[in-house]
Amino acid sequence: MDGRWNVVNSGGTHRIVVTKDLPGDQWLEILENSQCRIDVCQSRQVLSPDELRDAIGDECAGVIGQLTEYWNKELFGALARAGGRVYSNYAVGYDNVDVETASARGIAVGNTPGVLTETTAELAVALTFAATRRIVEADDYMRSGQYDGWLPDLFLGELLWRKTLGVVGAGRIGTAYARMMVEGHRMNLIYVDVAPNNQLEAEVVQFNSYLESIGEQPVRCTHADDIDSLLAGADVVSLHPALTEDTYHLISGERLARMKENAILVNASRGAVIDEAALVEHCTRHPQFRVGLDVYENEPEMAPGLAELDNVVVAPHIGSATRWTRNGMAILAARNIIGILHNYPIWNQEEMSAFLHPDAPAVTPSIINREALELPVFPNLSG
Ligand code: DGY
């Protein structure tokens, strides 16, 4: 360990490594109150696999790690040898974690769902409108002193009201985004997911009753069988799937070519869902096609040419970056650690708010490989 590490509660019994300092202080109190010694890395650089192995050392009960680190065989081997029982990813996505290896080593893998849903959906909405209404180009134009006065054709964009929205992946975040766009902007919805989202469909039925009660036309909600019909029909396509082998390069050059020439494409999920080189080519050839990106195939790099495109708005993976959410993620990550150390059962419901309170239940919020490790769950609905 070097000077980049800050040790909190040095006399604690369980040594926990936290690879980046986290917002708020409730997460630290949770760990301290459970007799943990916490080693927190103060560096803002991504730690290399060697640095992570050094940080684990000979004795480490658990780690809170980052989505920028690749938790593979070597690191889980080191953690298991150091007596580690739990790794908690400071993210809801966990494509950076080899969960199978962790399970084989008996290490529980946690994540932080539930507290980023609306925050990430709001960022996707922000990117949608920034791209549609050309906000970044217009901002540059103002700041560079080019604005000479109002003109009938200055920065024309597209109207989204009552147009068609395509949502790829109707999980928590995709559903929250769909609600915002359907209820706020009366968009007709086409979505793809492995199964119909009954809750979302029921909400649209309710919303239509409201629209009819005020004399407005209803909106349509369709579960599409295949992504290609969604891409062909949508004015806006927003991507919300987890990154897996099946969704890697889901949006290929061929699929981009199926989209409307003036469509809006938004990605706040994982960069590799889009073939980024193909996207650069498509956007170069179709200046009316507009894109809002929060994530990149090879973060922190962008594909050559992307940064030069006026029709692309780029943000530095800030989907979950609100104070409330990042504090909440830190609390859930800490509770995953202590839950496993205390052998608490694993929560098996979606609602996470109880875990944000100081008097949270003696339950572990979110362990991905709970089934593989045969961990007890709460509530145990099988009786
Ligand atoms: C996540 O949690 O997976 C996000 O990408 C981080 O904001």
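The values are calculated or read from the model by the stated rules, or taken from the named source; none is laboratory data. Note that the structure is a prediction, hence the values are computed from the model and not measured. Heads up, the Cβs are rebuilt from the backbone with ideal geometry, glycines too, and the neighbour counts pull from every protein chain shown.
When SER269 is tested against (1) within 16 Å of the ligand (Cβ to nearest atom); (2) small (Gly, Ala, Ser); (3) in the same structural domain as GLY84 (by TED's automatic domain parsing), exactly one condition is not met: (3).
Hey, does the stretch 107-126 have a residue that's more than 16 Å from the ligand (Cβ to nearest atom) and under 22 Å from TRP347 (Cβ atoms)? Within the stretch 107-126 (the criterion being more than 16 Å from the ligand (Cβ to nearest atom) and under 22 Å from TRP347 (Cβ atoms)), the answer is yes, since at least one residue qualifies. For GLY77, indicate whether it is out of contact with any Asp or Glu (no Cβ under 6 Å at 6 or more places or on another chain), within 16 Å of the ligand (Cβ to nearest atom), of a type outside the set (Val, Ile, Thr) and assigned by TED's automatic domain parsing to the domain that holds ILE338. In short, no. For the stretch 345-361, the candidate set comprises residues that are touching a strand residue (DSSP E or B) at 6+ places or on another chain (Cβ under 9 Å) and free of Cβ contacts under 8 Å to residues at least 24 places away in the same chain; within that set, the residue that is farthest from LEU31 (Cα to Cα) is ALA354.
Restricted to strands (runs of 3 or more DSSP E) entirely inside the stretch 43-141, those with at least 1 residues that are among the hydroxyl-bearing types (Ser, Thr, Tyr) and at pLDDT 95 or above are 86-89. Taking the stretch 283-330 as the region of interest, how many residues are in contact with a Pro (Cβ under 7 Å, 6 or more places away or on another chain) and farther than 30 Å from LEU356 by Cα? Adding up the residues that qualify gives 1.
In the stretch 234-274, the qualifying residues are those that are farther than 25 Å from GLU299 by Cβ and in contact with a strand residue (DSSP E or B) (Cβ under 6 Å, 6 or more places away or on another chain), and the one that is surrounded by the most Cβ atoms within 10 Å (Cβ to Cβ) is ALA234.
Going by what's in this entry, would ILE264 be described as among the β-branched types (Val, Ile, Thr) and within 16 Å of the ligand (Cβ to nearest atom)? Spelling it out, it is not the case that ILE264 is among the β-branched types (Val, Ile, Thr) and within 16 Å of the ligand (Cβ to nearest atom).
Does ILE331 satisfy the condition of being within 16 Å of the ligand (Cβ to nearest atom), outside any loop (DSSP other than H, G, I, E, B) and closer than 20 Å to THR120 by Cβ? It would help to see each step written out before you state the result.
Numbers: within 16 Å of the ligand (Cβ to nearest atom): yes; outside any loop (DSSP other than H, G, I, E, B): yes; closer than 20 Å to THR120 by Cβ: yes.
Yes; evaluated as a whole, the condition is true for this residue.
Residues that are free of Cβ contacts under 8 Å to residues at least 60 places away in the same chain, touching a helix residue (DSSP H, G or I) at 6+ places or on another chain (Cβ under 6 Å) and among the small types (Gly, Ala, Ser) do occur in the stretch 163-185, at least one of them. The set of residues in the stretch 299-328 being closer than 23 Å to ALA257 by Cβ and within 16 Å of the ligand (Cβ to nearest atom) consists of VAL314 alone. Annotation note: Cβ proximity below 8 Å between a residue of the stretch 88-116 that is within 17 Å of TRP324 (Cα to Cα) and a residue that is assigned to a loop (DSSP other than H, G, I, E, B) and aromatic (Phe, Trp, Tyr) (sequence gap 6+ or interchain) occurs for ASN111/TYR94; THR112/TYR90. With respect to (1) assigned to a loop (DSSP other than H, G, I, E, B); (2) surrounded by 15 or more Cβ atoms within 10 Å (Cβ to Cβ), the lone exception for GLY339 is condition (1).
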